[in-house]
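For reference, the structure is listed below as structure tokens.
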Amino acid sequence: MADTAVRSRMSKFLPLLILLIGGAVVFAVATMKPKSKPQPKEEPKPTEVSVVAAQPGEHRLSVHSQGTVAPRREISLVAEVSGRIVKVNPAFVAGGQISAGETLVEIDPRDYRFAVVQAKSQVAEAEQRLATERGQARQKKREWRNLGNDEANDLFLRKPQIAAAKASLDAAKANLEKAELNLRRTKISVPFSGLVRSTSVDLGQYVGPGTQLGKAFDTSVVEVRLPLTDAEAGLVELPLGVARGELSEGAKVELFGTVAGIPRTWQARIARTDASLDTRTRLYYAVAEVEAPYSAEQEAPLMVGLFVEAQIAGKLLQNVIEIPRKALYKRNLIYTVNDKGEVVSKTIKVLKVRNDKAWVTGEVDVGDNIIAANQQYLVPGKKVEIKNADSSEVAKEKPAENNAEADS
């Protein structure tokens, strides 16, 4: 009984004992935990950037364009008289070579020869009538003087008759001239040497005034109309509003094209610009001319209708900076790094972009460190670190005459 009473009393105090022991353990763990020491806050590391050094200098920036070769002079051959075609020059075929003044087509001239003979007869009759009237006028004048009177009326002296005879003679001569002109018009030719583009008549065909016989163009000069934007027009020497001949010579142009599968080049010059801007595209059109495009001196003929690429030599520009294309930001901005290592935004004007390079002008000084890429992660005033500070430089400006990079 005594053991049972003891176990009963112990069972009542056991939970309390467990709680006391657990609390002691928790307290010991909490008080014995090592205390952490505060660490100093580290400054964020500045963003590393690559830069190029600004080197303003002289540049000639070529302009690239394209166009189609066209003849400077092309005409349609049109019959001015009617008749049947009796002769056709063997060269009067598409692609035929023709010379200035060479007869290409001849219309039956017989009716026009008859008209010339008749006109000559009318001239002779008019001359005879005028001579007769003049003779009669002299006789009438003597008769009036024999009457003792120095004055006579015009009708008596046959002055109206003489005037009518003169008018008849002039009309007869005009008819003769017209008949001879119509006779010459039976032979159709062109006033230049060139090529026949197309024909629309042949031997034996009857034609009337206004009938188109064919087309031909002059091969002494061909031209290419080259479209240019306003910015591109500012890079080259264009004869804007200047009469032909007031400039010594136009800007040089190199044309590139393919003839029979072989790449070819031709040399040209800007001769003029169109009289006005294209109202739809707002583009300038510079006209490049090539002399003797079909001559043996050319490596290959610069054929009419050929599509060509053009490189127009630029004029000499001052204070132009060559930078990597990736250095451009939002079209007209670049980021530079100042002496404090801070990002600075500068406005520039882009003159030309070609391949992986750009040429600009603006508020940039010599030696400014221009950030070369990844500007989207930067803002003005941000601290940066130049990772290529010991070797940062951009390709220095070459002499203007050897600036092949800008002309590529």
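The residue that is farthest from Leu235 (Cα to Cα), among those in the range 355-376 that are in a strand (DSSP E or B) and touching a helix residue (DSSP H, G or I) at 6+ places or on another chain (Cβ under 8 Å), is Ile371.
Here Arg60 clears all of (1) modelled with pLDDT under 95; (2) over 30 Å from Trp359 (Cα atoms); (3) open to solvent by 60 Å² or more (accessible area, probe 1.4 Å); (4) under 58 Å from the mean Cα position of the chain (by Cα) except the condition numbered (2). The single condition among (1) farther than 26 Å from Leu317 by Cα; (2) surrounded by fewer than 20 Cβ atoms within 10 Å (Cβ to Cβ) that Pro239 does not meet is (1).
Among the residues making up the range 156-187, those that are more than 27 Å from Leu104 (Cα to Cα) and of a type in the set (Lys, Arg) are Arg158, Lys159, Lys166, Lys173. For the range 383-396, the condition holds for at least one residue, the condition being that it is modelled with pLDDT of 50 or more, part of a loop (DSSP other than H, G, I, E, B), open to solvent by 60 Å² or more (accessible area, probe 1.4 Å) and in contact with a strand residue (DSSP E or B) (Cβ under 9 Å, 6 or more places away or on another chain). Checked against (1) touching a residue at least 24 places away in the same chain (Cβ under 8 Å); (2) in a loop (DSSP other than H, G, I, E, B), Arg280 passes all but a single condition, namely (1). Reported count of residues in the range 348-361, each being under 13 Å from Arg331 (Cα atoms) and open to solvent by 40 Å² or more (accessible area, probe 1.4 Å), is 3.
Look at Pro90 and say whether it is open to solvent by less than 40 Å² (accessible area, probe 1.4 Å) and either under 24 Å from Val259 (Cα atoms) or without any contact (Cβ under 8 Å) to a residue 24 or more places away in the chain (or both). Taking the combined requirement at face value, the residue does not satisfy it. Taking first residues from the range 304-332 that are of a type in the set (Asp, Glu) and partners that are open to solvent by 80 Å² or more (accessible area, probe 1.4 Å), the Cβ contacts under 6 Å between residues at least 6 apart in sequence or on separate chains come to Glu309/Gln66.
In this entry, Lys357 passes the filter for residues that are under 26 Å from the mean Cα position of the chain (by Cα), modelled with pLDDT of 90 or more and closer than 30 Å to Ala53 by Cα.
The values are calculated or read from the model by the stated rules, or taken from the named source; none is laboratory data. Just so it is clear, the structure is predicted and the values come from calculations on it, not from any experiment. With ideal geometry, Cβ positions are generated from the backbone for all residues, glycine too; neighbour counts draw on all protein chains shown. Each accessible area value is taken on the protein alone, full model and side chains, heavy atoms only, with ligands, DNA and RNA left out. Shrake-Rupley method; radii C 1.70, N 1.55, O 1.52, S 1.80 Å.
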